[in-house]
1. Out of GLY82, VAL36, GLY23, whose Cα points farthest toward the positive end of the dipole of the chain (charges: +1 Lys, Arg; -1 Asp, Glu; placed on Cβ)?
2. For a paramagnetic label modelled at 7 Å from the Cα of LEU14 toward its Cβ, which residues of region 57-89 fall within the zone defined by backbone nitrogen distances under 11 Å?
3. Can you pull the percent of the chain's accessible area that's carbon plus sulfur, 1.4 Å probe, other chains left in place?
4. Using the heavy atoms of the protein chains alone and a 1.4 angstrom probe, what is the accessible area of region 56-103 per residue in square angstrom?
5. Which distance in nm do the two modelled labels at THR97 and SER26 give, with both placed 7 Å along the Cα-to-Cβ direction?
6. Which of GLY56, GLY16, GLY82 ends up with the largest GNM mean-square fluctuation for the chain, with Cα atoms connected below 10 Å?
Amino acid sequence: MAAKLRKGDKVVVLAGKDKGKEGTVSSVDPKAGKAVVEGINMAIRHTRQTQNSQGGRLSKALPIDLSNLALLDKNGKATRVGFRMEEGKKVRFAKTTGDVIDA
């Protein structure tokens, strides 16, 4: 299935403890159906000090289910994503406005 959300997309959280917050997708795992969004679903991880990094309590963004995320259109509203063919290329478009997401 084609990826409706990709790295670098601006999204809003629809459900969970961070409902209503906005962020940018930093990575997507299509097989698990999850994405990591910067500043969303943060958890404290206790890490041991190594030669390369300082240890301690570090905040880390955990994956969130793709069904709990919606893309933000140019107006800043949550929208669903559709696909259509333009000039022989498959492109993503916002269902609310009909605008093409990636040129």
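The values are calculated or read from the model by the stated rules, or taken from the named source; none is laboratory data. Source: prediction; values computed, not measured. Quick reminder, even Gly has a Cβ in these numbers, built from the backbone with ideal geometry, and neighbours come from all protein chains shown. The protein model used for the area step is the full one, side chains on, heavy atoms only, and it has no ligands, DNA or RNA in it. Shrake-Rupley method; radii C 1.70, N 1.55, O 1.52, S 1.80 Å.
1. It is VAL36, whose Cα lies furthest towards the positive end.
2. Within reach of a label on LEU14, which here means backbone N under 11 Å from a point 7 Å along Cα→Cβ, region 57-89 contributes 66-71, 78-81.
3. Details: 3550 of 7140 Å².
Reported share for carbon and sulfur atoms: 50 percent.
4. On the way: 3160 Å² over 48 residues.
Result: 66 Å² of accessible area for each residue.
5. Computed distance between label sites THR97 and SER26 equals 2.7 nm.
6. Maximum among the listed residues: GLY56.
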